[in-house]
Amino acid sequence: MKRRAKNGWAINLFLAFIIISLYLVTSRQDAAQVMASLYAGPAYRGRSDDKIALEFAVSWNAAAMEDILATLKDKNTRATFVVSGKWARENADMLKRIADEGHEIGTMGDDPSFDGNLSETKADIQKSLESIKAASGVDTVLYYSGSRSVAVSARASRALGLTHVLSTVDLRCGYGSKDDIIKRGLNEPIIGSIILLQPTRACADALGGLIDGLNAKGIIAARVGDVLGGMV
């Protein structure tokens, strides 16, 4: 009985130590980074004090890219474009322009609709990285997994040394008018959010109003890497 009581006391002491340690760690300013290292899942949101990231998923229906880039240039705004390897190969000049204009490039795999096991997913991502590098000269560090398995994507991105990202909110740019998209983006925006957009015609029409609306709220539209900071 005494031995059982002694063991119970030791376990309680150990648990108390863990709880106190976690409290001290998470009360620090770099708590987000520490917790991210403990949980190797995707980043849904950053920790910026004044920015929201614009993350364009580019694989299909990208006819409005010219106007999107023109608006970003006019608004002096840099964004992130996560592209498929196939799109990179078929639009090398456009991807090079995106990089040259200061935007961030990430990958969403070679075929974003593909969702396989770990080795298959790694091979798919690696193929896309090579295509992006060949087209733009960029060694990307961001992987957007979209609708793929989060668990498999997390392991694959970790093995390839990439930062796995998703999004805080999807503006669903394939649905509704430009006013609908702006309303979704400005409805109680959270600092540090990663906003997902698709390069549709409605998105291109809404982009200027979205950026202006965020600026009016004191929020800067930026790249994913800008809001993730040291987490990248």
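Values computed for the structure shown
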| read-out | value |
| --- | --- |
| Computed lengthening from D212 to N117, 0.36 nm per intervening residue step minus Cα-Cα distance | 30.0 nm |
| Inter-site label distance for S147 and A92 at 7 Å from Cα along Cβ, in nm | 3.1 nm |
| Computed label-point distance, nm, for sites A70 and L160 using a 7 Å Cα→Cβ extension | 3.4 nm |
| Cα gyration tensor, region 188-232 - rounded (a/c under 1.5), prolate or oblate | oblate |
| Segments 195-202, 168-175 sorted - mean Cβ within 10 Å per residue, highest first | 195-202, 168-175 |
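Where a number appears in this text, it was derived from the coordinates with a stated rule and is not lab data. Since the model is a prediction, treat every value here as computed from it, not as a measurement. Heads up, the Cβs are rebuilt from the backbone with ideal geometry, glycines too, and the neighbour counts pull from every protein chain shown.
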